[in-house]
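Colleague: Provided herewith is a single structure, encoded as structure tokens, for subsequent inquiry.
The values are calculated or read from the model by the stated rules, or taken from the named source; none is laboratory data. These figures come from a predicted structure and were not determined experimentally. Cβ coordinates were reconstructed from backbone atoms using ideal geometry, including for glycine residues, and neighbour counts include every protein chain displayed. Protein only, heavy atoms only, side chains kept; ligands, DNA and RNA dropped before computing areas. Shrake-Rupley method; radii C 1.70, N 1.55, O 1.52, S 1.80 Å.
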Amino acid sequence: MKLQLDNVSKRYGTATALDSVSLSVEEGEFFTLVGPSGCGKTTTLRCIAGFESPTEGAVRFDGESMAGVPPEARGVGVVFQNYALFPHLTVGENVAYGLRFTDTPGGNSRDDRVAELLELVDLAGFEDRDPDSLSGGQQQRVALARALAPGPDLLLLDEPMSALDARLRDRLRRQVKHIQSELGVTTVYVTHDQSEALAVSDRVAVLNRGRVEQVGNPREVYHRP
Ligand code: ADP
Ligand code: ADP
């Protein structure tokens, strides 16, 4: 799906979190928002997901305005930094939670769909485990499986690696990239880490104080040979 932000502004009282942000993300693209803490990355994702309404401007999916369309009707999968798993549910139940608004794609049974998703994130057979018994990287992969469960047209990832150590981060990053290109799902990824943006992105937008400063492929933006 193609995503567009047209002059999106978001104010909280007198504070401006986003100042006329315009972006266009192509079908199947891995697009990264990068910039320092407080520059507006999370607010941008929240406006795309529908958790927030822009004060001004429009979010469009394939040209359609999403104004008034609630988050669960947008066909968006989200993995947010603080969007933890439910500790009282098993891994399989956490993934199945991602199917609560939809039929399983392809008419598969729910259990089959959960098994297929766990396999996709390299956690085959983990259905009955407790989230607490998993490593941080494994937990984020369960969150990814949950987000992918309904077959979203758009995947939003907000600093999904930030709580992990460097080795796990590197591994998860490669897995996420692999899954994304296999599914061809349009993805908006948020990070404050330039090396992460370089490693995974088709294109990058650099945000600063709620404005888009630069957009381009990572090499153009970071002047790497
Ligand atoms: P980032 O994700 O890049 O760290 P955010 O989008 O979280 O940035 O925040 C952008 C700016 O908007 C920050 O100055 C932040 O304090 C402010 N902000 C975000 N959400 C709210 C809110 N709910 N109320 C007031 N200010 C907010
Ligand atoms: P990030 O990890 O992107 O920097 P934060 O941890 O700053 O995000 O913020 C987490 C949540 O708190 C977000 O949903 C954001 O919208 C909200 N938030 C951020 N800044 C403020 C603020 N000044 N007032 C109220 N809510 C805020």
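Colleague: If r is the Cβ-Cβ distance from Phe86 to Ala166 and R0 is 25 Å, what FRET efficiency results, to the nearest 0.05?
Modeller: Details: r = 28 Å, r/R0 = 1.12.
FRET efficiency, Phe86 to Ala166: 0.35.
Colleague: Another question, if that's okay. Any idea which of Leu118, Gln214, Thr44 is furthest toward the positive side of the dipole for the chain, if Lys and Arg beta-carbons carry +1 and Asp and Glu beta-carbons -1?
Modeller: Ranked along the dipole, the leading option is Gln214.
Colleague: Going by average Cβ density within 10 Å per residue, which order do the peptides 70-79, 204-213 take, highest to lowest?
Modeller: Listed from highest to lowest mean packing, they are 204-213, 70-79.
Colleague: Which residues' amide hydrogens lie under 5 Å from the amide hydrogen of Ser22, considering only partners 5 or more residues apart or on another chain, with H built in the peptide plane?
Modeller: Asn7, Val8, Val212
Colleague: So, one more: Compute the FRET efficiency between Tyr222 and Ser109 as 1/(1 + (r/R0)^6), taking r as their Cβ-Cβ distance and R0 = 41 Å, and round to the nearest 0.05. Could the numbers behind the result be given before it?
Modeller: Working: r = 46 Å, r/R0 = 1.12.
Given R0 = 41 Å and the Cβ-Cβ separation, E is 0.35.
Colleague: Now for a separate question. Across region 133-145, in residue order, what do the Karplus-derived ³J(HN,Hα) couplings come to in whole Hz, using 6.51 cos²θ - 1.76 cosθ + 1.60 with θ = phi - 60° and x for Gly and Pro?
Modeller: My calculation for region 133-145 gives 8, 9, 6, x, x, 5, 4, 5, 5, 5, 4, 5, 4 Hz in order.
Colleague: In Å², and per residue, what accessible area does the chain have when probed at 1.4 Å with the other protein chains present?
Modeller: Details: 10690 Å² over 225 residues.
Dividing the accessible area of the chain by its residue count gives 48 Å².
Colleague: What does the convex hull of the Cα atoms come to per residue for region 5-116, in Å³? Don't jump to the answer; show the numbers that get you there.
Modeller: Working: hull volume 16.5 nm³, N = 112.
Normalising the Cα hull of region 5-116 by residue number yields 147 Å³.
Colleague: Also, quick follow-up: Can you run phi through the Karplus equation (6.51, -1.76, 1.60; θ = phi - 60°) for region 88-102 and list ³J(HN,Hα) in whole Hz, with x for Gly and Pro?
Modeller: Using θ = phi - 60°, the values come out as 8, 9, 6, 4, x, 5, 4, 5, 4, 4, x, 9, 5, 9, 9 Hz.
Colleague: Let me ask you something else. So for region 28-82, what percent of the C-alpha to C-alpha distances run longer than 14 Å?
Modeller: Working: 871 of 1485 pairs.
Counting pairs separated by more than 14 Å, the tail of P(r) holds 59 percent.
Colleague: Starting from the Cα-Cα distance between Leu183 and Glu119, subtract it from 0.36 nm times their residue separation and give me the gain in nm to one decimal.
Modeller: On the way: separation 64, 0.36 × 64 = 23.04 nm, distance 1.37 nm.
Gain on stretching Leu183 to Glu119: 21.7 nm.
Colleague: Which aspartates and glutamates does Lys2 reach when only Cα atoms under 17 Å apart count, and residues fewer than 8 places away in its own chain are ignored?
Modeller: Those aspartates and glutamates meeting the cut-off are Glu26, Glu27, Glu29, Asp62, Glu64, Asp153, Asp202.
Colleague: How much of the accessible area of region 120-225, in percent, comes from carbon and sulfur atoms when a 1.4 Å probe is used? The partial results should precede the final answer.
Modeller: On the way: 2170 of 4980 Å².
That share works out to 44 percent.
Colleague: I would also like to ask the following. Using the Cα atoms of region 54-175 to build a convex hull, what is its mean projected area in square nanometres? Don't skip to the answer; put the middle values down first.
Modeller: Working: hull surface 35.1 nm².
One quarter of the hull surface, i.e. the mean projection, equals 8.8 nm².
Colleague: So, one more: Compute the acute angle (0 to 90°) between the alpha-carbon long axis of helix 110-120 and the principal axis of greatest extent of the alpha-carbon atoms of the chain; round to the nearest 10°.
Modeller: Approximately 60 degrees, to the nearest ten.
Colleague: Only four residue types carry charge here, +1 at the Cβ of Lys and Arg and -1 at the Cβ of Asp and Glu. Report the dipole size of region 113-208 about the Cα centre in Debye, rounded to the nearest 20. Mind dumping the intermediate values first?
Modeller: Values: 11 positive and 16 negative charges, 48 e Å.
For region 113-208, the charge dipole is close to 240 debye.
Colleague: I've got another one for you. Provide, in order from the shortest bin, the percent of all Cα-Cα pairs of region 101-149 in each 5 Å bin, continuing until the bin that contains the maximum pair distance.
Modeller: For region 101-149, the pair-distance distribution reads 5, 22, 32, 23, 12, 5, 1.
Colleague: Then there's this: Could you rank the peptides 7-15, 51-59 by their average count of other C-beta atoms within 10 Å per residue, with the highest value first? Before the final figure, lay out each step's value.
Modeller: Details: 7-15: 13.0, 51-59: 16.9.
Result, highest mean Cβ count within 10 Å first: 51-59, 7-15.
Colleague: Per residue, how much space in cubic angstrom lies within the convex hull of the C-alpha atoms of region 133-172?
Modeller: Values: hull volume 2.7 nm³, N = 40.
Spelled out: Cα convex hull of region 133-172, divided by residues, is 68 Å³.
Colleague: Further question: Which translational diffusion coefficient, to the nearest whole µm²/s, is obtained for region 135-225 from the Stokes-Einstein equation, given a Kirkwood hydrodynamic radius over C-alpha pairs, 25 °C and 0.890 mPa s?
Modeller: Values: Rh = 14.0 Å.
Answer, rounded: 175 µm²/s.
Colleague: Sum -39500 (n - 2.57) across every DSSP H segment of at least 4 residues in the chain, then divide by the residue count to get the 222 nm mean residue ellipticity, nearest 500.
Modeller: Numbers: 7 runs with 70 residues, N = 225.
Taken over the chain, the calculation gives -9000 deg cm²/dmol.
Colleague: From the phi of every residue in region 39-51, what ³J(HN,Hα) in whole Hz does the Karplus formula 6.51 cos²θ - 1.76 cosθ + 1.60 yield, where θ is phi - 60° and glycine or proline is x?
Modeller: Per residue, the Karplus-derived 3J(HN,Hα) values read 7, x, 4, 5, 4, 4, 4, 5, 5, 5, 5, x, 6 Hz.
Colleague: Would you list the P(r) distribution for the chain, with all Cα-Cα distances sorted into 5 Å bins from 0 and each bin expressed as a whole %?
Modeller: Bins of 5 Å from zero give 1, 7, 15, 18, 20, 16, 12, 7, 3, 0, 0 percent of pairs.
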